Amino acid sequence: MTEQMPQDSNKKLIIRLGAIIGGMFLFAFALVPLYNVFCDITGINGKTRGQALYQDERIDKKRVITIEFLTNINRGMPWEFKSTVKSMKVHPGELNEVRFYAKNRSKFDVIGQTVPSVAPGQAALYLNKTECFCFDQQPLAAGEEVEMPMKFYIDADIPDDIHRLTLSYQLFNITETAKVASVATK
Amino acid sequence: MAIRRKLIAGITSLLSVMLSGVVQAASEMNMRPGVTETSQAAYDLHMLVIWVMVVISVVVFGAMIYSFIFHRKSKHPTPATFSHSTKVEFVWTIIPILILIYLTIPAVKLLLEMEDTSESEMSVQITGSQWKWHYKYLDHDIEFYSNLSTPREQFENFKESGAANNPNYLLEVDNELVIPVGTKVRFLLTAADVIHSWWVPDLAVKKDAIPGFINESWTKVLTPGIYRGQCTELCGKDHGFMPVVVRALSKPDFEQWVLDKNAERMAAEKAAEAAAAQSWDLDKLMALGKTTYDAKCAACHQVSGLGLPPTFPALKDSPIALGAIDAHIEIVVDGTQGTSMAGYGSQLTDAELAAVITYERNAWGNNTGDLVQPADIQAFKAGNK
Amino acid sequence: MGDHHPTGIKRWLYTTNHKDIGSMYLWFSFIMFLVGGAMAMVIRAELYQPGLQFVDPNFFNQMTTMHGLIMVFGAVMPSMVGLANWLIPMMIGAPDMALPRMNNWSFWILPFAFTLLLSSLFMEGGAPNFGWTFYAPLSTTYGPPSTDFFILGVHMMGISSIMGAINVIVTVFNMRAPGMTMMKLPLFVWTWVITAFLLIMVMPVLAGVVTMMLTDRHFGTAFFDAAGGGDPVMFQHIFWFFGHPEVYIMILPAFGVVSEIIPAFSRKKLFGYSSMVYATASIALLSFIVWAHHMFTTGMPVAGELFFMIATMLIAVPTGVKVFNWVATMWQGSLTFETPMLFSIAFVILFTIGGFSGVMLAMAPVDFQYHDTYFVVAHFHYVLFPGAIFGTTAAVYYWLPKWTGKMYNETSGKIHFWLSMVFVNLTFFPMHFTGLAGMPRRIPDYNMMFADFNMWASIGAFGLGLTQIYFLVTIIMAIRNGKKAEQKQWDGASGLEWDALPSPAPYHTFDTPPKVN
C-alpha cells in the first residue's frame, strides 16, 4: 500500500477512534465524581452531604418525623459503638443533638471512621448535619472512651410521605490506611 | 426425509419439555407462590410472562416448523423472491411493543408495592458477614448470630453420614429469625465485610447487604411456618453455606418467644458470669477448646491447624498462636480488618473464647503451656488495661 | 493473485496476513474453549450430586471465576475476531485488514495474557475466586494475591480487543471495493462494524474500572471502599456500563453469521436488509442505557428501577425484528438442512428462548426472585452457547470450504449438530428449574431438592464436553482428508468470497479490487 490518500484517511480515522478510546477511559474515572454529583443532587443511595449550616430555618411544628439511629461495626474494629438514644421524634427545621458513645476496648490505639447511610435513600437529601463525628477520622487510644455529638436538622420541605428516617453509622478501622496516608504526606 | 422427521421430533420434544415444565407448579421446577401478598403477586406475574412467551413461541417456532416441512427444497423447489415488506415489519414491531406494555403495567404496580417500606410495625437490622447472618430486633432487646447448623461431616461425607436423610441440609441454622405473622416487618440490611444478599423465596424478599450502607426491605407473612433461603451474592469461600431461615409465628406465640429469648439471654449472662468466676484447668479448656475450634474455626483454619494460606493462615507454628497472648485474644475477639477473620467476641461465650484460644496455643505441637481464663476474656472485653 | 507465503514458526510469529491471523485467532479461541470447558467439567462434576466430593469451596470459586473469564475473553471474543479477520477483507473486496502489523500484535498479546491469567491457578492463594464480575470489595480488599495479575491480564486482553476493533472500523470505512456502498455490505460486516464501535466505547471503561481496583488495592485510593468515602455499588455501575454492551459484543457477530447462512440455505435474499441494519444499531445503542438491570437488588431507588426495567424490555423489540426477519427469510424459500443451516436454525430457536428468560429477568419485581440464581445462569448460557457459540460453529462449517479448499463430512457435521443440540439443552434447560426452585449461583453444594436437575445438567455437560472433541476430530479430518471443495460450495451462497474467489482462497486476494455492481 503505497498510495498517499488511503493512508491519510486511515490516519485521520485512527486518530478519531483513538480520541473516543481515550475519552471513554477518562469517562470511566469521570463516572466517580459524576456518580457523587448525581447522588448529591438526588440524595439517591442514602449518602448524606457534608457539613451544613443552621440558619433561619423555618420550624414546621405541625409535622413530626421519627429519626432512628443504628450503629454497626465493620470487620476488625474493636470498639463499642452505640447511640445514646434509639430514636427521636423531631420537627422539620428544628436543630437537634444526639450523642454517640464509642469505646476503644482493645489494647491498641485505633483510628476509626464512621460512614453514614440513610434509609429511605431519598430522605438523605433532607437530613442536614451541622456537626458530626463522621466528618473526621476519630482516633482513640487503647481503653479510651468518648461521647460524640451529632447535631442535625431535617429540612422543612421534606416530602409529606416521609414519616421516618433511619440513620445508620458503620464504623471502620482505618488505622492502617491512615498510617500509610500520613507517611505519604510526610 | 429422515432428517425432516428428526427435526420435527426434536423441536416438538423441546417444546413439550418447555410446556410441561411450565405447567407444573411443583416447587422443584417452578417459583413458589410463597406466603406473602407480594410473593403471590410475583408468582402470578411470572406465570403471566411465561404463558405469553409460550404463545409467542408457538407462533414463531410454529412458522419455522411449517417452513421446514413445506418450504424445503424437495417440496418447494422454486423459492419466492420477496425480501421486503414495510407493512409486515411495522406489524411485527408494534405487536411486541403492545405485548411489552401489557407486561409492564402489572410489573410497575408490583415494584412500587415491593419498595414501599412505610407504615411498618417492627424493624429488624440484618447484618451479613463472612459467613453468617446477624439479626438485631430494633423494638426488642434481642440480637443474635445465625449460623449454618448442618454439621460439616454431612457435606464432607455426604453418603456415609446419611445427609440424604436431612431434608434441611444446608438450609438450617442454629438461631432462626423469628417474626410475627400479619405484621409488616421492615428489614434494614448492611454488611460487615463484603457484599452479601439476603433472600427468602417464600417471602419474595431479596436485598443486597452492602458494607457501609443501609438497605431497606419489608415483608408481611400471612401463614405461620418456617421459610428457608440462602445468601445470593458471592461473598467468598462459604457463600453457599450461610442460609437464611425465617420462622413466622402467630402474634401470641411471637410475644412468648420474645419473653423466652429475654429469659434465655439472662440465663446465658448468669452462666457466663459463673464460668468467668471459675478457674479452668488445662484439660477442661482444651476439651471445650477443641469442640469450639472444630465447630467454628476449622472451616477455614482446618482441623489440622494448617489453614489454606495465604488467605486462611496456618495456626500450627503461627507467630500469633506462639506470641503475645493479648494480640492473639485481640484477633479472635475483634477479627482482622480487611480479611475474612471475623471477630468472635459476641459470637462465643467468654468460656468458649478462652478455651479456643488456649486450644490454639497448645494444640498441634504449639505447646506454649499458656492458659487463658474466661475472666481474662471478660476483662479484655471491658477494656481494662 | 499470490500464494507464496513464508514457512515455519516465523510465518506465524510475524504474519500480517489476515487469513493467517484469522486462523490463529480461531485455533486459539478453540483451545481456550476447551480449557474453559475443562473448568466447566470440574464445576459440573462437583455439582453432579449434593455434598463436597471433589474440590473445596475456595477452589470451586476459582473454577467458576476462571471459567467465566476464559470463556468470555478467551473463547467467545477471540473467535469472533477470528471470523472478522478471515471474512471482512474478502467480503468487501479488500486485500487485507487496514492495519496488518497491529493485527499481528492484537493476536499475539492474547497467548501472553492468558498464560498470565492461567498461571494464577498455581500462585499462592490460587486464582481469582470472586466471579468473572469481580465485585468490590470481595475483589479489592479480600482478593487473593493473584488479583493483580488478573488486572494486568484484563488490561492486555482489553488492548488486544481495542486494537482489533480499530482495525475493523478502519478497514470497513476505508477499504471497500468501488461500488461496495455501506448499504450493500454483507450483514456480517455490518454487525462487526457495530460491534467494533461497542468495543472502542466500553473496553476503555473496563480498563478504567480495573485500574481503579488496582489503585484501591495498592495506591491508597478508596473508589469502592466506604471507609474512604467510596461505594462498592459504584463498582457495579462502572463494571456493568462495560458489562452490558459486552454481552452484545459477544452476540452481534453471531447475528451477522446467521444472517449470511440462512439466506444461503433458503435460496432467498435476507428479508428486510435495512431493518436488520437498523435493528442491530438500535440494539447497540440501547445496550448503553440498561446496565443497572444487573443491579436491581442493590437498593436502587424506584425511579431507577423503573427506568432500567423499561429500557431493557425495549431491547426485545429490535431483537424480535431480527428473529422475525430470519423466519421471513426462510418462509417460502427453498430450504436444505446442511450442517451450517442446522446450527443457524438452532441458534434462532434457542437464542430466542434465552431472550425470553431475558425479558423475564428485565421485570424488576420478579427479578428479585431470579437474580443471582441458576435462572440467570440458564439465561446467559442459552444466549451464549446455542447463541454465540453455535453461531461461530455454523460459520466454521459454512466457510471451511472457502478457507481450506476442503469439505467436511456432512454426516459427521450432522452428528455433531444433534449431539450438541441434545446435550446443550440437557445441560442448561434444567437450570431454569433449579433457579426458579431457589438454587443460588456460585455454590459448590446444595440441598436435595435441587439434586435431580443438577444431575441431568451434569450429564448433559459431560456429553457436551465430549461433543467438542467430536467437533475437533471432524474439522481436523476435513482439513486433512476432506473432499475438494467447490468455489461456490453452497449453491444459495452469495457475496464476493463465493462469487469472486476460488476455494481455498489464495494467500493474497483482491490485490486488485473487484468491481461491485
- Item | Fraction of the pair-distance distribution of segment C:400-517 above 26 Å, Cα-Cα pairs, percent | 47 percent
- Note on the structure: Charge dipole of chain C built from unit charges on the beta carbon (Lys, Arg +1; Asp, Glu -1), centred at mean Cα; most positive-end Cα among C:Trp192, C:Thr434, C:Pro506 is C:Pro506
- Inter-part gap, Cα centre of segment C:440-509 to Cα centre of segment C:384-423, in whole angstrom, is 4 Å
- Task: Report, in cubic angstrom per residue, the convex hull volume of the C-alpha atoms of segment B:318-385.
- Result: 89 Å³
- Output the residues of segment A:147-180 meeting this criterion: accessible area (heavy atoms, 1.4 Å probe) in the chain alone minus accessible area with all protein chains in place is 10 Å² or greater. A:His163, A:Arg164, A:Thr166, A:Ser168, A:Gln170, A:Phe172, A:Asn173, A:Ile174, A:Glu176
- Go through B:Ser217, B:Ala192, B:Leu348 and say which Cα lies farthest out towards the positive end of the charge dipole of chain B; charges sit on Cβ, +1 for Lys and Arg, -1 for Asp and Glu. B:Ser217
- Message: Within 10 Å of each Cβ in B:42-53, how many Cβ atoms from other chains are there, averaged over the peptide?
- Response: 4
- Item | Cβ neighbours within 10 Å from other chains - mean over A:71-84 | 6
- Item | Student exercise, chain A dipole from Lys, Arg, Asp, Glu Cβ charges, in Debye to nearest 20 | 360 debye
- Could you work out the Kirkwood radius for segment C:1-137, taking every pair of different alpha carbons, averaging 1/r and inverting it, reported in Å? 16.8 Å
- Item | Phi-based couplings in Hz for segment B:286-297 (Karplus 6.51, -1.76, 1.60; Gly and Pro marked x) | 5, 5, 5, x, 5, 5, 5, 4, 5, 7, 10, 10
- Task: Binning at 10 Å from 0, report for segment C:44-85 what percent of all alpha-carbon pair distances ends up in each bin.
- Result: 26, 36, 22, 14, 3
- Query: Which residues, if any, in segment C:352-371 have at least 50 Å² less accessible area in the whole protein complex than in the isolated chain, probe 1.4 Å?
  - Reply: C:Phe356, C:Met360, C:Met363, C:Pro365, C:Val366, C:Phe368, C:Gln369
- Taking the dipole about the Cα centre of the protein assembly as shown, with the C-beta of Lys and Arg at +1 and of Asp and Glu at -1, give me whichever of B:Gly338, B:Gln130, B:Asn157 is farthest to the positive side. B:Asn157
- Note on the structure: Whole-percent carbon and sulfur contribution to the accessible surface of chain B (1.4 Å, no ligands, DNA or RNA) stands at 61 percent
- Note on the structure: For the pair C and B, the solvent-accessible area buried on both sides (1.4 Å probe; DNA, RNA and ligands excluded), in Å² to the nearest hundred, is 8800 Å²
- Step through the residues of segment C:236-241 one at a time and calculate ³J(HN,Hα) from phi using the Karplus curve (6.51 cos²θ - 1.76 cosθ + 1.60, θ = phi - 60°), rounding each to whole Hz and writing x for Gly and Pro. 4, 4, 5, 4, 6, 4
- Task: Using only alpha carbons, build the gyration tensor for segment B:15-148 and give me the equivalent ellipsoid semi-axes, biggest first, whole Å.
- Result: 50, 20, 13
- Task: Report, in degrees rounded to the nearest 10, the 0 to 90 angle that the Cα long axis of helix A:4-42 makes with the longest principal axis of chain A.
- Result: 10 degrees
- Message: At a threshold of 8 angstrom on Cα-Cα distance, excluding pairs fewer than six apart, so keeping six or more, what relative contact order does chain C reach in percent?
- Response: 19 percent
- Task: Starting from the Cα gyration tensor of chain B, multiply each eigenvalue by 5, take the square root, and state the resulting semi-axes largest first in whole Å.
- Result: 55, 27, 18
- Would you mind computing the Rg to Rh ratio of segment C:147-272 from its alpha-carbon coordinates, Kirkwood style for Rh? 1.14
- Query: Residues of chain C: accessible area per residue at 1.4 Å, in Å²?
  - Reply: 29 Å²
- Query: Using DSSP loop states and a limit of at most 13 other Cβ atoms within 10 Å to flag GluC sites (Glu not before Pro), what is the longest stretch of chain B containing no flagged site?
  - Reply: B:161-385
- Message: I want to verify a result. In a Gaussian network model of chain B, Cα cutoff 10 Å, which of these has the top mean-square fluctuation: B:Ile226, B:Ile94, B:Ile357?
- Response: B:Ile94
- Item | Cα long-axis angle, helix C:410-437 against chain C (0 to 90 degrees, to the nearest 10) | 20 degrees
- Item | Interface size C-A, as summed buried accessible area [1.4 Å probe, Å², nearest 100] | 2500 Å²
- Message: Classify segment A:58-113 from the C-alpha gyration tensor, please: rounded if a/c falls under 1.5, else prolate or oblate depending on whether a/b exceeds b/c.
- Response: prolate
- Message: With both bridge residues required to lie in chain B, what share of the DSSP beta bridges run antiparallel, to the nearest 5%?
- Response: 70 percent
- Here the whole-number average of other chain Cβ atoms within 10 Å per Cβ of B:336-346 is 4
- Note on the structure: Set C:Lys414/C:Lys488; A:Lys62/A:Lys151; A:Lys11/C:Lys322; C:Lys483/C:Lys515, cut-off 24 Å on Cα-Cα distance; pairs above it are A:Lys11/C:Lys322; C:Lys483/C:Lys515
- Compare the peptides B:186-192, C:312-318, B:44-50, C:7-13 by average per-residue count of other Cβ atoms within 10 angstrom and give them in order, highest first. B:186-192, C:312-318, B:44-50, C:7-13
- Query: In segment A:89-171, what percent of the accessible surface is made up of carbon and sulfur (1.4 Å probe, ligands and nucleic acids excluded)?
  - Reply: 46 percent
- Item | Accessible surface of segment C:158-215, 1.4 Å probe, proportion on carbon and sulfur as whole % | 78 percent
- For chain A, with a Gaussian network of springs between Cα atoms less than 10 Å apart, report the residue from A:Glu97, A:Glu176, A:Glu145 with the top mean-square fluctuation. A:Glu176
- Total charge dipole magnitude, segment B:124-254, about the Cα centre, Cβ charges on Lys, Arg, Asp, Glu only, Debye to nearest 20: 380 debye
- Semi-axes of chain C from the Cα gyration tensor (sqrt of 5 times each eigenvalue, largest first, whole Å) come to 36, 25, 24
- Query: What value, in deg cm²/dmol to 500, does the helix sum -39500 (n - 2.57) over DSSP H runs of n ≥ 4 give at 222 nm once divided by the residues of chain B?
  - Reply: -14500 deg cm²/dmol
- Task: Count the net charge of all other residues whose Cβ sits under 14 Å from the Cβ of C:Phe134, scoring Lys and Arg as +1 and Asp and Glu as -1.
- Result: -2
- Task: Calculate, for B:Asn168 and A:Glu176, the FRET efficiency according to 1/(1 + (r/R0)^6) with r their C-beta to C-beta distance and R0 41 Å; round to the nearest 0.05.
- Result: 0.50
- Once you have a ≥ b ≥ c as the square roots of the Cα gyration tensor eigenvalues for chain A, tell me rounded if a/c is under 1.5, and otherwise prolate or oblate according to whether a/b is larger than b/c. oblate
- Item | Distance cut-off 47 Å, percentage of C-alpha pairs in the protein assembly as shown lying past it | 33 percent
- Message: Suppose all protein chains stay in the model; what accessible area per residue would a 1.4 Å probe give for chain B, in Å²?
- Response: 41 Å²
- Note on the structure: Inter-part gap, Cα centre of segment C:290-340 to Cα centre of segment B:338-385, in whole angstrom, is 57 Å
- If you bin the C-alpha pair distances of segment C:105-183 every 10 Å from 0, what whole percents do you get? 17, 34, 22, 13, 10, 3
- Of the trypsin sites (Lys or Arg not before Pro) in segment A:60-140, those whose Cβ has at most 15 other Cβ within 10 Å and which sit in DSSP loop: A:Lys61, A:Lys62, A:Lys86
- List the aspartates and glutamates whose Cα lies under 17 Å from the Cα of B:Lys73, skipping any in the same chain that are fewer than 8 positions away. C:Glu338, C:Asp491
- In deg cm²/dmol, rounded to 500, what helix-only [θ] at 222 nm does chain A give when every DSSP H run of at least 4 residues adds -39500 (n - 2.57) and the total is split over its residues? -9500 deg cm²/dmol
- Query: Shape call for segment B:134-281 from the C-alpha gyration tensor, a ≥ b ≥ c root eigenvalues: rounded (a/c under 1.5), prolate (a/b greater than b/c) or oblate?
  - Reply: rounded
- Using modelled backbone amide H atoms (1.01 Å from N, in-plane), which distant-in-sequence or interchain residues come within less than 5 Å of B:Val173's amide H? B:Ser149
- Query: Can you list the residues of segment C:309-329 that have at least 30 square angstrom less accessible area with all protein chains present than in their chain by itself, probe 1.4 Å?
  - Reply: C:Met309, C:Met313, C:Val317, C:Val321, C:Phe324, C:Val327
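The values are calculated or read from the model by the stated rules, or taken from the named source; none is laboratory data. Please read all numbers here as calculations on a predicted model, not as lab measurements. FYI the Cβ positions are ideal-geometry reconstructions off the backbone, even for glycines, and counts take in every protein chain you see. The area values use the complete protein model at the heavy-atom level, side chains included, leaving out ligands, DNA and RNA. Shrake-Rupley method; radii C 1.70, N 1.55, O 1.52, S 1.80 Å.
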